[in-house]
Each structure stands twice: as structure tokens, then as C-alpha cells.
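Quick notes on the structure that follows.
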Amino acid sequence: MKKTVSVLLAAVFAVLTLCACGKTVDEKSGLNIVCTSFPQYDYIKNIIGSDKGLTLLLDDGGDLHSYEPTAQDIITISNADLFVYVGGTSDKWVESTLKAAANQEIKAIALMDYVETYTEEYVAGMEHKHTDTDEHSTLDEHIWLSLRNAAKITQALCEIICDIDTENAPIYKSNAEKYIAELNALDAEYTTEVKSAKRDTLIFADRFPFRYLVEDYGLTYYAAFAGCSSESEASFQTMAFIIDKTKELELPVVLTIDGSDGSIAKSVCEATGAKSAMLDSCQSVSAQDIQNGTSYINIMKSNLNVLREALN
């Protein structure tokens, strides 16, 4: 648990007690839902049909892996009817926060409980600094980067929200059905594109949070770093491997992810003649992006266009 959280919990405990007496619930919808990250926020917005009574904690484009809740975040969570988080190692702070909440009726949902998970893996050529915790497998928490997981999670969230607000359950169910149909249709597009592509391998000159996506479509990948790695500088051996593999497979595109400075990809492209392109992991979406119309499905459609180019 991050030490900052411990300090904040002690500081806001008395405030939480007061907040429990006057929860800031949206009276019109009867819902007060708090989410840690953008994908789950967008799933729920599609289920309930608006963003009323819905709060996104990471709305500044920050990285989930380095997130530390503020005192106001902890108060906001304590006032929620439903708190939705991913459930991976980045969310270790959640348990202590919920224990300290004056409102013990909060329904807290870890999305990793509703889908099949994979452990974070290290493939050939990937930078790997061994630590004392290597013997313990770390679950890959980037579950939202599978459209199939998104559909399962949307269905689970719909059922939970319907239990909280039974009066509007028919509306939520109808909205969820339409949204799941969109997710399934996009999944079918991915399947068709991958099956007809010339290649089946991706190179990431960056971190690799896309394991769930490549598992869905049977793709092979190589990357500089694992998805949750805090490293940003690749060794000579890793750089040489990525450059050699890009040349060997004659790959036209080297991939980066959102939030990256692209420096490793630039070096690989200079050495191989490939171009660089960005696959969006949905981890850098800000409140301004949402206001401008960014959505999970739009991001995944853009990713499909990038994959189409990278695999052909």
C-alpha cells in the first residue's frame, strides 16, 4: 500500500463520517457511481445513458499504475453507492480505503473478478530486471483491451446497476444490449481483419499492455517492456533484438502506446525503415478528451485501423 494513502486515510476519517450523513447522490437517477479508470466509466455511461451521478477519478490523463487517491477522491468513494475498479496490483490501495469508509454499504466491484485473466509474461527480447517478487506471478490488469472482456464486463455491470436502481432496470438492460451488440460487431471486424492479414506479428518499441487483445485474435508479439513495467530505457540487447526482429519479419510498422515519448520507436524506425504508429491503451484519456467525444469504441476502432496497417 502506498504510504500516501495511509496518511490520507488518517486525515479524512472524521470527514468521511460526516459525509455518510449527507451523500451527494444524483437525485434524478438515484445513482452515485465512482470509477477509477476511463473504460469502465464509458461502459457505465452507455448503460445508464448519461454521465449524471457518474464520477471518473482518473480524469487527468494520468497513468493507473502510478495513481494515488487524494483526500477528495477518498471522500468521493466513501459517498458512492457503487465503486468500480480494475482489481490489479495498481489497486492495492482500495482495500484500506473501503475499510475506512464511514459508509459501509458501498458496493465495490473489481472487474478482474468477471473475466478470465492472464499473468503478465516476458517474451523473447523483452527487458526484464529480476526482483525478489519475480517468483510470484503478477496478473495482467489491462483486461479492458479485449472487446470480448468489455462485453462481459458491461453485462455484469448492467446486472449490478439494475439491482441498485430497479425502477430504471428496463432502460439499463436495453442500453446494455445495444452497447454489447456494438462491441460484438467491432470484435467481428477485428477477427475478419486479422484472418485476412498478411502478417500475424506485432513489434512494440514500448511497454506492452495489449496481451488480452493479441490473445483474442491469435497474434504474436515482441516488445521492449512488459505492460506494467516502470522502465523507459531499453538496453543495447533489447534494442538490437527489436531492430533485428523488425528486419527479419519485414514489418512495416513499429508500435508505441499512448503517453509514450516514442524515442525507442524512433531509433528502431531509423535503423529499419519502418514507420511508427500508436495503439491506444485507453490509459491517457482526460476529462477534456471525454468532453470532446472520446469513447472506448472510437478508440478501439482507431486501434483496428492501426492494426490493419501494421499487419499488411
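Of all the criteria given as (1) touching an Asp or Glu at 6+ places or on another chain (Cβ under 7 Å); (2) surrounded by fewer than 23 Cβ atoms within 10 Å (Cβ to Cβ); (3) closer than 30 Å to residue 50 by Cα, the one not satisfied by residue 147 is (2). Say we look at segment 258-291 and pick out the residues that are modelled with pLDDT of 95 or more and in a strand (DSSP E or B); which of these is surrounded by the most Cβ atoms within 10 Å (Cβ to Cβ)? Among those residues, the one meeting the criterion is 279.
Evaluate segment 116-130: report whether one residue or more is at pLDDT 85 or above, farther than 23 Å from residue 284 by Cα and open to solvent by 90 Å² or more (accessible area, probe 1.4 Å). Yes, segment 116-130 contains a residue that is at pLDDT 85 or above, farther than 23 Å from residue 284 by Cα and open to solvent by 90 Å² or more (accessible area, probe 1.4 Å).
For every residue, the table says whether it meets (1) within 21 Å of the chain's Cα centre (by Cα); (2) over 21 Å from residue 138 (Cβ atoms).
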| site | (1), (2) |
| --- | --- |
| 68 | yes, no |
| 77 | yes, yes |
| 81 | no, yes |
| 85 | yes, no |
| 89 | yes, no |
| 92 | yes, no |
| 105 | no, yes |
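Here is a yes/no grid of residues against (1) touching a strand residue (DSSP E or B) at 6+ places or on another chain (Cβ under 8 Å); (2) under 21 Å from residue 123 (Cβ atoms):
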residue: 217; (1), (2): no, yes
residue: 244; (1), (2): no, yes
residue: 255; (1), (2): yes, yes
residue: 261; (1), (2): no, no
residue: 294; (1), (2): no, no
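Listed by first and then second residue, the pairs with beta-carbon distance under 8 Å, at least 6 apart or on different chains, first residue in segment 291-312 and over 24 Å from residue 249 (Cα atoms), second open to solvent by 40 Å² or more (accessible area, probe 1.4 Å), are 297/182.
Could you check, for segment 32-44, whether at least one of its residues is modelled with pLDDT under 90 and not in a helix (DSSP H, G or I)? Within segment 32-44, not a single residue is modelled with pLDDT under 90 and not in a helix (DSSP H, G or I). Restricting attention to segment 238-257, the residues being open to solvent by 20 Å² or more (accessible area, probe 1.4 Å) and touching a residue at least 60 places away in the same chain (Cβ under 8 Å) number 3.
Would you tally the residues in segment 216-231 being of a type outside the set (S, T, N, Q) and modelled with pLDDT under 65?
Residues meeting the conditions: 2.
The residue that is nearest to the chain's Cα centre (by Cα), counting only those in segment 165-202 that are surrounded by 14 or more Cβ atoms within 10 Å (Cβ to Cβ) and of a type in the set (Gly, Ala, Ser), is 176.
The values are calculated or read from the model by the stated rules, or taken from the named source; none is laboratory data. What you see is a predicted model; the values in this text were computed from it and never measured. Neighbour counts are summed over all protein chains in view; Cβ atoms, including those assigned to glycine, are modelled from backbone coordinates with ideal geometry. Please note that ligands, DNA and RNA were not included when accessible areas were found on the heavy atoms of the full protein model with its side chains. Shrake-Rupley method; radii C 1.70, N 1.55, O 1.52, S 1.80 Å.
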